[in-house]
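**Student:** My structure is below; once you've seen it, I'll send some questions.
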Amino acid sequence: MQDALEHVRRIVFALPCVTERLSAGAPCFYVGNRKPICRFHDSDFAERGRVSLWCPAPPGVRDELITSEPDRFFGPTPSASGVFGDWIGVYLDTEGGPEVDWHEIAAIIEEAYRLQAPKTLVAELDRSSTPE
């Protein structure tokens, strides 16, 4: 599922000050190397044996998405310290189902970025996406 990882990389590296490093064996993307904005899980690593992307989500969004589309969204298992408790998982392996909507994935990643990034970087993102 290298293509999916490359799609995710194109999306996240368009955001200001994003870095990538492995975290528990999975590619993880951070704002300024500190706050995670998403984790990519391939089928070998994923808890459900599927390719997925995990992102922090605003309050209520996780439950809403899981309830409305349980075939596409799930709640990652929280770590012992509670990390991932409010994150949303989205499946990226869609064999036999609808194709991945990369615009939707970009919107999910941008929302996660806005939750994790300092206000100065969010303002920079807003300036870069506003037409002049």
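**Student:** Can you find, within region 84-105, the residue that is farthest from ALA14 (Cα to Cα) among those that are of a type in the set (Asp, Glu) and modelled with pLDDT under 90?
**Tutor:** The selected residue is GLU95.
**Student:** While we're here: Starting from region 65-92, take each residue that is acidic (Asp, Glu) and list its partners that are not in a loop (DSSP other than H, G, I, E, B), counting only C-beta distances under 7 angstrom and pairs at least six apart or across chains.
**Tutor:** ASP86/PRO56; ASP86/ARG62
**Student:** To continue, here is another question. Looking at SER81, SER52, SER43, which one is at pLDDT below 95, crowded, with 20+ Cβ neighbours inside 10 Å and not basic (Lys, Arg)?
**Tutor:** Going through SER81, SER52, SER43 in turn, the sole match is SER52.
**Student:** Would you please list the contacts, defined by Cβ atoms under 9 Å and residues six or more apart or on different chains, that run from a residue in region 11-28 that is touching a residue at least 24 places away in the same chain (Cβ under 8 Å) and farther than 16 Å from ALA106 by Cα to a residue that is of a type in the set (A, V, I, L, M, F, W, C) and in a strand (DSSP E or B)?
**Tutor:** As it stands, the answer is CYS17/VAL31, since those pairs meet every condition given.
**Student:** Pick from region 100-132 the residues that are of a type in the set (A, V, I, L, M) and within 11 Å of the chain's Cα centre (by Cα): which of them is surrounded by the fewest Cβ atoms within 10 Å (Cβ to Cβ)?
**Tutor:** ALA107
The values are calculated or read from the model by the stated rules, or taken from the named source; none is laboratory data. As the structure is a prediction and not an experimental result, all values here were calculated from the model. Don't worry about glycine lacking a Cβ; one is built from the backbone with ideal geometry, like all the others, and counts go over all protein chains shown.
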